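The values are calculated or read from the model by the stated rules, or taken from the named source; none is laboratory data. Just so it is clear, the model here is predicted, and its values are computed rather than measured. Heads up, the Cβs are rebuilt from the backbone with ideal geometry, glycines too, and the neighbour counts pull from every protein chain shown. Calculation scope for accessible area: heavy atoms of the full protein, side chains included, ligands and nucleic acids excluded. Shrake-Rupley method; radii C 1.70, N 1.55, O 1.52, S 1.80 Å.
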Amino acid sequence: MKSEKGSSIVMAVVVGMILTILLGACFAIASSYHNRSIMNHQERQAYLTAKSIVDTISVQITAGNDNFIPKESEPTIEFNDIQLTGDTCEEKKATITLNNTDNVIVIVASATNYKQTQEIQLTMTKDSTTGQWQNLQYSHKGETVYEKE
């Protein structure tokens, strides 16, 4: 009978330790998911900001705004400090490059949001009949998405 009295205390301590370990593991998993969610949100915000910059430049080029269309003498235009209303990204920049031999403009925009950087590239082609610039394809920076005819 004496041994049974001590065993209930030992059992209570063991159950308490198991519960503590399980709660700690659940907290670690929840914390990991929370951090991953925050990182994904920051990465998505950087992507949306970069895409917004590319789309805005594309609209300006399609409208024929000469400030956004590179010339043969200066085939690259750079924007290093883009200001957007209500945006949380620390760094936003864009480059517009003209490849006149292929009638192609490549717009590359990058945005950094809390150390998460996204770079979006849009390739535009010039329609040979109308002379209008048209969006060809979005891609990652540096990808070639057109072929020479």
Exercise for review: Pop out the carbon and sulfur fraction of the accessible area of the chain as a percent, whole number, probe 1.4 Å.
Suggested key: 55
Check your understanding: So which trypsin sites (Lys or Arg not before Pro) in region 62-116 are both in a DSSP loop and have at most 12 other Cβ atoms within 10 Å of their Cβ?
Key -> Lys71, Lys115
Point to revise | Among Leu22, Gln42, Gly86 - extreme Cα towards positive end, dipole of region 1-131, charges at beta-carbon | key: Leu22
Review point. Comparing Gln134, Gln42, Gln118, which has the greatest mean-square fluctuation in the GNM of the chain with Cα pairs linked when under 10 Å apart?
Key: Gln134
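How big is D for the chain, in µm² s⁻¹ as a whole number, if Stokes-Einstein is applied with the Kirkwood radius of its Cα pairs at 4 °C and 1.567 mPa s? Working shown, then result.
Values: Rh = 19.1 Å.
For the chosen part, D equals 68 µm²/s.
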Check your understanding: Per-residue ellipticity at 222 nm for the chain, helices alone: DSSP H runs ≥ 4 residues times -39500 (n - 2.57), over residue total, nearest 500 deg cm²/dmol?
Key -> -15500 deg cm²/dmol
